[in-house]
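Working notes for the structure below.
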Amino acid sequence: MSPITEPLLHPSFPHQRSKCSYTSQGLYPISQLFSWMAFSQAHPAPDISLDDAIASPLAVRNLSYGAPLGLACVLSQELNNRTNDAKRARRIKNSVAPFNRYLPDELVSSIFRECDSILVSSICSLWREIAIDTATLWTTIRYQWEPTTATSMEKVDAFLTRSKLAPISLEILVNGVPSRSQMQDLAHLIKPHLHRVRRLLLTFSDVRTARVFLPLPSSMPILHGLSIMLGEDLGDLSLTERVPEQSFNLFESNYAACTPRSIHLFAPQHFAIQLPDFDDLSRMSTLSLAVRMPPAQMLDLVARASKLRSLDLMAHQTEAMDDQSMPVSYPLLERQRISGDGWTSLVSAPTLRSLTLVDHAALHAVNRAMSFYPRKTQLFPKLRALTIMTPEPDDVNNGTYFRSLARFIAEHSELKTLDFMACWSPIPTILELSLSRSPATNVLPCPNLEWLRLSLLYPIEPIPLMHVVRSLLEDREQLHIEFATPQNYTMPDALATLMRGYASRIHFVARPSPVQVLEA
């Protein structure tokens, strides 16, 4: 009978763990282990190899009493040795495989750049060694915090260490309110490496968290892309309710030694962000600002960025602007979006292809442009797409405004897509004035128009609209019309009749309201 009489303990009994010891089989009493040790010494292992034991299991069962226990120890040790030998053999086999034998480490490293760094470093020891030694595999560092999950600090630290001195792309996305100590630990990790950040993305749903990371150091010499988003979204209460105005500096000083290629800044309107004087903006191609900043200061940035291709400005502050401060022209600008109560001017661009006008102030800018610029030349001769987003039905119930808008549309002969994100009462009049064939000259405005998108999200008289739509479809064989409707939209009889006649050229899609679009 075995001298081991104490019952085996199971890991499900946590209150007994302090008296137990771990083995490969689980938890056992300390006294059992000592009994086994003494029993093994009294019954030495028989002279039998692992191969013999595998070949003849019955011979193991017929050994003298106690011998199997000693044999188990010997066989276990030999099995461990063989396992280690097998690992070494596999390592040698992998190292002489054609992929690893004939390709230099530099080429393997360049191939790894197209793969997931974590994945390739877990295939084999050779690949892991090459991957860890390839700094560029670890240069995209992303930290994300949610109330239920978060990226580990160890992972961030490993990426920062393995990237060595290579330029890095750093993304920090915090959705919620983490503990201040946790964010301070993260800031302590990344701040020594900010001088080698090439692209920086900071997104904080709670503005207070951002203060742990801001202001940024004034010297970020290789910074090319800067994107900072503060606050939940445009639907945040801080945008609509009166809250105390706050201000903070984006950089430590009024001068930043960097040459950004793109800048994206968004903050609630009660936060005033102080931008520095950047070293050089001549290479900047994208500028997107939705912050509390005087329009004149925005224009100052625009004036210094002569190679802009995309411009998106939302000015919360209302401020009179001097026409002389407007940039004359941008030869490379392809996309322009203006919005906000403080914006009243368009930036001239001969190569502009996409223009988005948001809210009443944008329409005022069109009205101002039609009276300010000489009418001998088009404002945007290459314009292909025009989007008008006005969430208030009464925004253009002004004869001057919608007539200026109609003339603005009609003068752009290269226009291919016209998108009205809201349908207020003067829409039929605007369409008729801007797109109908002139009786006097028989000239068809915007002859290349292919898509007309109309949102039926506000009450509108269907008969006048359908009359204009039918006329446009008859004059333009290539024109398609898309109606964006709410989910529960009931099609009026006039529209149903029209659709039966032009089934292949009239389309319906579900679209959110303009207010939801602005909040997105």
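Read-outs: derived from the displayed coordinates by stated rules, not from any lab. All of these numbers come straight from a predicted model, not from anything done at the bench. Note that we place each Cβ from the backbone using ideal geometry, even for glycine, and neighbour counts take in every protein chain shown.
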Could you pull out every residue, at least 5 positions away or on a different chain, whose amide H is within less than 5 Å of the one on Phe251? Hs are placed 1.01 Å off N in the peptide plane, and Pro or chain starts have none.
Leu216
By average Cβ neighbour count within 10 Å, what is the ranking of 442-450, 193-201 from highest down?
193-201, 442-450
Nearest 20 debye, what's the magnitude of the dipole of the stretch 115-242 about its Cα centre given +1 on Lys and Arg Cβ and -1 on Asp and Glu Cβ?
460
Enumerate the amide H contacts of Leu265 below 5 Å, restricted to partners 5 or more residues apart or on another chain; note that Pro and chain-start residues carry no placed amide H.
Ile228, Ser288, Leu289, Ala290
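On a full-extension model of 0.36 nm per residue, what is the gain between Lys164 and Ser218, subtracting their alpha-carbon distance, rounded to one decimal in nm? Don't jump to the answer; show the numbers that get you there.
Working: separation 54, 0.36 × 54 = 19.44 nm, distance 2.20 nm.
Length gained, Lys164 through Ser218: 17.2 nm.
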Give me the distance in nm between label points sitting 7 Å out from Cα along the Cα-to-Cβ direction at Asn175 and Glu461, one decimal.
4.6
Amide N proximity, the stretch 195-225 versus Gln274 label position 7 Å along Cα-to-Cβ, cut-off under 14 Å:
215-216, 218
When the Karplus curve 6.51 cos²θ - 1.76 cosθ + 1.60 is applied with θ = phi - 60°, which whole-Hz ³J(HN,Hα) does each residue of the stretch 152-159 get, with x for Gly and Pro?
6, 5, 4, 5, 4, 5, 5, 5
Tell me, what ³J(HN,Hα) does each residue in the stretch 139-150 have, in order and in whole Hz, if you take phi through Karplus 6.51 cos²θ - 1.76 cosθ + 1.60 with θ = phi - 60° and put x for Gly and Pro?
8, 9, 10, 10, 10, 10, 10, 10, x, 9, 8, 7
Once R0 is set to 25 Å, what does the formula 1/(1 + (r/R0)^6) return for the Cβ-Cβ distance between Ser285 and Tyr255, expressed as a FRET efficiency to the nearest 0.05?
0.65
Length released on extending from Arg304 to Gln246, taking residue separation times 0.36 nm less the Cα-Cα span
18.2 nm
Could you calculate the contour length gain from Thr149 to Val443, that is, 0.36 nm times the residue separation minus the distance between their Cα atoms, to one decimal place in nm?
99.6 nm
